[in-house]
Amino acid sequence: MIAYASRTGNVQYIVSQLQADNIEITENLMLCQPFLLITYTDQLGEVPIKVSQFLKNNYSWCQGVVASGNLNFGSQYFGGAGDKIANTYNIPLVRKVDLRGFKADYKAIQQFYETRVIHENVLEIK
Ligand SMILES: Cc1cc2nc3c(=O)[nH]c(=O)nc-3n(C[C@H](O)[C@H](O)[C@H](O)COP(=O)(O)O)c2cc1C
């Protein structure tokens, strides 16, 4: 499963390029299964509020985080939501993506998803 947050459509586009079930994050969503988180970055390297709220309830199932950002914010802030989530919850930072990203980004994300998220599902069923 991919859980995502998108305000202006870039993350939604990234998700559309991936072969995976997906669900848009809402503050009260409870996901009792392994998932990959894809979020945008807000307010100078910050995690969007609804994503922070969602993670408080769901971080233990989160296998990795992808952050979309804009390189124009500079290296200190670019994709900062990904750094903050990875550090706070000790979750692998899979990739930072500039805006909608490129094919190489989708390929790397898909590969991570297939090895570290679907795989976890199989282990759960066993
Ligand atoms: C108010 C605002 C603040 C932003 N702050 C950052 C930032 O600090 N760092 C960053 O990398 N991108 C920042 N961005 C860029 C977005 O994270 C980027 O455009 C992302 O692709 C948006 O994803 P979405 O279209 O799915 O909402 C900001 C965008 C807006 C509108």
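The values are calculated or read from the model by the stated rules, or taken from the named source; none is laboratory data. Model, not experiment: these values are computed from the prediction. Positions of Cβ are generated from backbone atoms using ideal geometry, with glycine treated the same way; all protein chains shown enter the neighbour counts. All accessible areas refer to the heavy atoms of the entire protein, side chains included, with ligands and DNA or RNA removed. Shrake-Rupley method; radii C 1.70, N 1.55, O 1.52, S 1.80 Å.
Odds and ends about this structure:
- Filtering region 29-56 to residues that are without any contact (Cβ under 8 Å) to a residue 24 or more places away in the chain and either more than 16 Å from the ligand (Cβ to nearest atom) or surrounded by 18 or more Cβ atoms within 10 Å (Cβ to Cβ) (or both) leaves only K56.
- Pairing residues of region 74-92 that are under 15 Å from S52 (Cα atoms) with residues that are open to solvent by 50 Å² or more (accessible area, probe 1.4 Å) and among the acidic types (D, E), at Cβ distances under 7 Å and at least 6 apart in sequence or on separate chains, gives G80/E46; A81/E46.
- Checked against (1) among the aromatic types (F, W, Y); (2) more than 22 Å from Q17 (Cα to Cα); (3) within 12 Å of the ligand (Cβ to nearest atom), Y89 passes all but a single condition, namely (3).
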